[in-house]
Structure formats: C-alpha cells, structure tokens
Amino acid sequence: MSRTKTSVAQRPRLLKTLFNLRLEEVGPVLIAALFFFCILTALMLLRPVRDALGMERGIESVRWLFIGTALVTLAVNPLFGWLVSRLKRLQFIGATYTFFVLSLVAFWALLVFAPAAVGQRSGQVFFVWFSVFNLFVTMVFWALLADRFTSEQGKRFFALISVGGTLGAIFGPWLTSQLALPLGTPSLLLVAGGFLLLALSLAWLLVRVVPDQASSMETSAVAGFASEYERIGGGAWAGLRAVFRSRYLTGIAGYILLMTVLATFIYFTRLQMVAAVSDNMDARAEILGQIDMWTQVAVLVLQLTLTGKIIQRYGLGVALAILPIATALGFIGLAIYGSFVMLILLEATTRALQRGVTRPAREALFTVVGREDKYKAKAFVDTFIYRAGDVVGAQTEGALGRLGLAIGGLVSVVVPLALVWAVLGLWLGRAQAGQVALTGPKDEFGGLKQLVEKSVSSSVQ
C-alpha cells in the first residue's frame, strides 16, 4: 500500500523533471500533440509531390508561382477575417478544415475521373493551393493553442507539443512510400483528408478539455478575449490594421518576413542542385522526400534534447536569435565548400532549428495578445507576410543569379539580413517578457485581465 502511494506521489515529480509538466496538463498536451501529428502527416504526404510538380516548367516558373501564392493568400485573408468575425471559434476552425478537405476530394476526383485534364497548368494550381493550405491549417492550429494556453505554459510545453508535429512529418513521407504503389497517388489525397478530419475532431476535444482563458477573468470580454460562446466580431481587415498599429505585432511580422526571405534562398538553392542531379520528376520527388525525412529526424532529436531547455533557461529572445546565426554560418560554409552534402546539412540544421526551437518560441509571442489578434493578425502575419517573404527571397535570389553572383552573392546578402533578424528576435523576446511582467503571478489557465489591459494598449500606438 505504501509503495503504491509512493509511486503515485512520485508521478508529478517525474513529469516535472522529464517534461516540465504538471499532472493535470498531460491530457491537454497529448491532445494538442496528436492534433499537430495529424496536420503534419497530411502536409508531408503531399509536399514532395508539390515541389516536384512545381519544377515541371523549370525553376524560373516557381518564382512566379510564389507571386501567385502571395496574391491568393492576400485575397483569402479578408475571407478568413470575415469568418472569424461572424462564426464561433469551433465553427470557423471547422469551416477552414472542411474547405481544405473538400478541395482534396476535388483534386482526387480530377485525377481519377479526368486524368487527361491533368497537366502542367493543373500542377501549378496544386502548387499554389498547397502553399496556401499549408499555411492556413498550421496557423489555425497555433492560434488555437495560443488562445487556450497562457504565456507561461507556452514556454514550457509548446516545444513538447511540436514533437507531435515532427513525428507526423516523419510518418507522412513513410506513409507515402508505403501507400503510393498499392493505392496510387490520387488516393493519397483522400488519406490526407482523413487526417485533417481527425485533426478537426481533436480541435473540438482540446476546446472541451482546456478551460477558456476568459473563464478565469473577472470579466469575460476584456480587450478582445471573448468567451467561447461569443463571436469575436470586428472587421474582415482588422488583422492587417492591428499589425501596422502595434510595434509588437509589426516586430513579429518583420521577424517572419526575414525568416522566409532567407529560407527561400535555401529553397531555391536546393531546387537548383536537385535539378542538376536529375531531370526526372519521380527521381526529384524521391530526393526531395529523402531530404524532408532526414531533416525531420534532426528536428526530432533537437526537440527531445535541447528545445525546452533553451527556451526555459535563456528565454524567447535567445531562442529566436539562434536560427539567424545558424543560417548565416551555414551559408558561409556552403559558399566555401559548395557541395550537395553541405546543402543538406544547411537545410537540415536550419529546418531543425526553425521547427524545434524558433517555431515554439515565436508561437509563444502570441500568447500575450487579445483573441481577435490571435486569429486575425496572426492569420495575416503567418500567411501573407510569410508568402511576401517568399516572393522577395525568390526574386532577390533570381536577380543575383542573373547577375552571375550565385552563392557568393547570396552570402553578401544573407549575413547582414541575418544580423538584423537576430537583433529583432532578441527585442521580441524582451518585449514579450515585459508584457508578461506587467501582470505578476497568474492563475494556471488564465488571469490575463491586467496583461491585456496594459500590454496590448501600450504596444498599440
């Protein structure tokens, strides 16, 4: 009997030591991790196909596809803002995921019943659609987490939740290799749709299991924190206006813009080197899939060993500054050695840091803003600003290539941008910590009233 009591008493201490979790947080974290697992499995089932199709008309066409993607993303933002204003939270989350599931069914029907209509133009449409789909499904996931969990919780276990996504990113390519031949490529679209429906059910469960932040406040509708049963309201373009009114949100947008510009440099360098290896679409898809799989393994190792410790010990600022420094050093190494192995090492390192350290840290930045900004401003930043960075990076890399500067020219651009990027990351970490400090100790799942009243109003202006 005493041994049983001792073992039960030791469980909270074991959870605290190994995962920095309290006993009552285990369920919500597992649900969120499984939610992210389903999303990344669906995405990684389709990503190698997206890249291979995009290269069918040459790398230069991919640069124009980036512009098309950015314009489509900008056009979709007010529609998403309108949904957020008029529907309850689970309703607009459900509408977003259901739309993408129906789109997958439509692509499947096209491939099965009208294969003759599938050509280069259809491949470009799929490239743009997937690029928009990729951003919105992950944005909605992280917005929901920032809405349900406090800043203190985000710092402790957003990295742990990200492990679920990494496992999905590894499982997705593996599942593709197992199902592509027996089921055929079109059926993979339906499999991805099934995972999205499972993710939607987990979103519903997460909302039911985790108490609403607003429920812990004296007044439920404070500074944009509407209760679960109220519509968020506001205008369709409120997210865009909020980003340009708030120095804090503008800083986040600038950080993401610089991140995507430099990530796009890496992306096009990879496409050029893969194109030099093979001109066969299937071979390219296989190479890209292998790079993705091993990159995710590196991400998983990093998440299980260092991520949580970095954020907890050194804070968000340092966590946000690590990726810019690593990117600059990686490009310098690529300029010196110029090998395919060095490129894979650069991409694996930067993606591992981005997914394992930077993403959990930058998502924690949104835990201190109001609910409307968590969905509308975050949507604008995580979709249009993200894709705008793609466009800037793609056109800059292409211009340098046409000037004959190649990788050496990229390094001369990357290093200064990386320094600005790192400084901005440090500033954002301090700004987030300053906003949290305005409130003092808070209840585990809420108590953000003073934070919202003071920090949001001070950041806006």
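Overview of results
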| quantity | calculated |
| --- | --- |
| Cβ-derived FRET efficiency at R0 56 Å, Arg86 paired with Tyr314, nearest 0.05 | 0.85 |
| Prolate/oblate/rounded call for region 314-357, Cα gyration tensor, a/c under 1.5 rounded | oblate |
| Heavy atoms of Phe113: accessible area, 1.4 Å probe, square angstrom to 10 | 150 Å² |
| Phi-based couplings in Hz for region 153-167 (Karplus 6.51, -1.76, 1.60; Gly and Pro marked x) | 5, x, 5, 7, 9, 5, 5, 5, 5, 4, 4, x, x, 5, 4 |
| For peptides 166-173, 38-45, sequence by mean Cβ density within 10 Å, most packed first | 38-45, 166-173 |
| Stretchable slack from Ala95 to Leu419, in nm (0.36 nm times residue separation minus alpha-carbon distance) | 112.6 nm |
| Extension reserve of the Leu71-Thr250 stretch, reckoned as 0.36 nm per residue once the Cα distance is removed | 62.4 nm |
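The values are calculated or read from the model by the stated rules, or taken from the named source; none is laboratory data. Treat the numbers as computed from the prediction; the structure is a model and nothing was measured. Backbone-built Cβ (ideal geometry, glycine too); neighbour counts: all protein chains shown. Surface areas here come from the heavy atoms of the whole protein model, side chains and all, with no ligands, DNA or RNA. Shrake-Rupley method; radii C 1.70, N 1.55, O 1.52, S 1.80 Å.
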